[in-house]
Amino acid sequence: MTKKTAIVTGITGQDGSYLSELLLQSNYTVIACRRRSSTNNLERVTHLLDDPNFILTEFDLTDPSGVYQTIQKYQPDEFYNLAAQSHVGTSFKQPSTTFEINTVGVTNILEGIRHYSPHTKLYQASTSEMFGRNYSTETDGKRYQNEKTEMLPQSPYGIAKLAAHNMVEIYRSGYNLFACCGILFNHESPRRGENFVTQKIVKWIKDYIASGKSPDFPKLKLGNLAAHRDWGHAKDYVRAMWMMLQQETPKDYVIATGETHSVQEFLDLAFKSVQLNPEDHVEIDPDLFRPAEVEYLCGDPTFANNDLGWNPQVSFKGLIQDMLES
Ligand code: NAP
Ligand code: GDD
């Protein structure tokens, strides 16, 4: 395989770490972008730091000149933009920062590629959160979202991501860039951030067991348990990102498992697998409910199945097991 260069943003996050691994295994040089931090936040990529093909670079998406300089310097074959303010709940508390990073930041990348490296193929991390409260319906009544479903976002995060998604489309059609968006549904892993609901549940279970099941151990506080999500494994989803940039033409794809489960179901299964009963340990906290909620997500990945040949390998139960056992 010929050697390629890829810029990856968000390498300190869940997806950035898995994608970097995949690219290094595929003979890429990875320009690994991270923003300055006063503490060490490289835990997820510690095992990659000695690889000479993993080149750490300081980079903040919101600083246009830095973004342009990085693109001009490396003129990469591929650019994967995974950096974002990625927490939906936080986006209600920090809407402007969310917009600055998730929309203006993406525009900085598009401008950088347009002016300094127009051959670069861009992957933008779009999201099922853009569908918001909308879904399509099959004749048998099954509800789903696919590439044709209209988007009605319900959070500052969803709106910012949709604006970026539309911006990518403008640069693709207007400037003929190879730029595409993966509309990824929720994906988790042992490397998932601790303030997303799956990892919050799993972490509580591990800490509770580590405490010797202390009767004084604080309860697990959760918000809306009725929301449904289509949860897959991050390792499967970063493979789809890479596949999208290996195509002849840039297209947007829904990446999902096609199955949906409630937060309550995730909670019950995780607790049951370690012989615990959530009713004994969970407290509902009204402060954890969002001002607006996305109640139902269930992706239809038919287009990605047929056009990319992509299929998820890890089941819902397999995902929970992997997170609990890691
Ligand atoms: P994550 O773990 O929260 O990682 C986000 C990354 O973005 C972190 O490395 C973070 O750096 C970086 N970042 C934030 N602001 C930045 C800035 N101004 N400049 C440079 N880097 C910045 O997110 P993830 O789960 O890996 O998700 C990756 C991408 O996919 C995100 O764009 C997310 O919105 C999108 N997405 C995720 C899912 C999912 O279910 N995981 C689904 C659909 C779409 P710090 O470590 O410094 O904070
Ligand atoms: N975070 C969190 N914490 N969510 C909770 C809690 C809690 O204590 N209790 C209930 N929930 C509910 C949320 O209200 C939401 O309905 C669901 O659990 C999932 O929340 P998150 O795990 O925070 O994920 P998300 O669906 O809001 O967003 C994730 O998926 C998007 C794709 O649909 C993030 O990864 C986004 O970056 C991503 O775009």
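The values are calculated or read from the model by the stated rules, or taken from the named source; none is laboratory data. No experiment lies behind these values; they were computed from the predicted model shown. A quick note on method: Cβ atoms are made from the backbone with ideal geometry, for glycine too, and the neighbour counts reach across all protein chains shown. Note: accessible area is taken over every heavy atom of the protein model, side chains too, but ligands, DNA and RNA are not part of it. Shrake-Rupley method; radii C 1.70, N 1.55, O 1.52, S 1.80 Å.
The rows are residues; the columns are (1) without any contact (Cβ under 8 Å) to a residue 40 or more places away in the chain; (2) within 11 Å of A6 (Cα to Cα); (3) touching a helix residue (DSSP H, G or I) at 6+ places or on another chain (Cβ under 9 Å).
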residue: L19; (1), (2), (3): no, yes, yes
residue: L23; (1), (2), (3): no, yes, yes
residue: A32; (1), (2), (3): yes, yes, yes
residue: T39; (1), (2), (3): yes, no, no
residue: V45; (1), (2), (3): yes, no, yes
residue: D50; (1), (2), (3): yes, no, no
residue: F54; (1), (2), (3): yes, yes, yes
residue: D60; (1), (2), (3): yes, no, yes
Starting from segment 138-151, take each residue that is free of Cβ contacts under 8 Å to residues at least 12 places away in the same chain and list its partners that are hydrophobic (A, V, I, L, M, F, W, C) and surrounded by fewer than 15 Cβ atoms within 10 Å (Cβ to Cβ), counting only C-beta distances under 7 angstrom and pairs at least six apart or across chains. none
Go through F289, F271, F316 for me and flag whichever is open to solvent by 30 Å² or more (accessible area, probe 1.4 Å) and within 16 Å of ligand 2 (Cβ to nearest atom). F289
For segment 244-255, state whether one or more residues are within 14 Å of ligand 1 (Cβ to nearest atom), open to solvent by 20 Å² or more (accessible area, probe 1.4 Å) and either closer than 29 Å to Q145 by Cα or at pLDDT below 95 (or both). yes
Exception for G299 within (1) away from ligand 1 (no atom under 16 Å from the Cβ); (2) closer than 25 Å to I159 by Cβ falls at (1)
Quick one: count up the residues across segment 126-146 that are open to solvent by 20 Å² or more (accessible area, probe 1.4 Å) and outside any loop (DSSP other than H, G, I, E, B). 4
If you go through segment 163-184 one residue at a time, do you hit one that is more than 30 Å from L110 (Cβ to Cβ) and either at pLDDT below 95 or within 11 Å of ligand 2 (Cβ to nearest atom) (or both)? no
Among the residues of segment 163-175, which ones are over 15 Å from S96 (Cα atoms) and either within 12 Å of ligand 1 (Cβ to nearest atom) or open to solvent by 10 Å² or more (accessible area, probe 1.4 Å) (or both)? H165, N166, M167, E169, I170, Y171, R172, S173, G174, Y175
Taking the conditions exactly as written (open to solvent by 10 Å² or more (accessible area, probe 1.4 Å), among the hydroxyl-bearing types (S, T, Y) and touching a residue at least 40 places away in the same chain (Cβ under 8 Å)), does Y237 satisfy them or not? no
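Can you tell me which residue in segment 147-196 is farthest from V45 (Cα to Cα), limited to those that are assigned to a loop (DSSP other than H, G, I, E, B) and among the small types (G, A, S)?
S155
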For segment 176-189, how many residues are more than 14 Å from the chain's Cα centre (by Cα) and either of a type in the set (A, V, I, L, M) or surrounded by 13 or more Cβ atoms within 10 Å (Cβ to Cβ) (or both)? 4
Turns out the strands (runs of 3 or more DSSP E) fully within segment 1-78 with at least 2 residues that are open to solvent by 30 Å² or more (accessible area, probe 1.4 Å) are 4-9, 54-58
Report, by residue number, each residue of segment 205-235 that is outside any loop (DSSP other than H, G, I, E, B) and in contact with a helix residue (DSSP H, G or I) (Cβ under 9 Å, 6 or more places away or on another chain). I205, K206, L220, K221, L222, H228, R229, G232, H233, A234, K235
Within the set of pairs 6 or more residues apart or between chains, which connect a residue that is on the phi < 0 side of the Ramachandran plot and charged (D, E, K, R) inside segment 64-93 to a residue that is assigned to a helix (DSSP H, G or I) and crowded, with 16+ Cβ neighbours inside 10 Å with Cβ atoms less than 6 Å apart? E78/L245
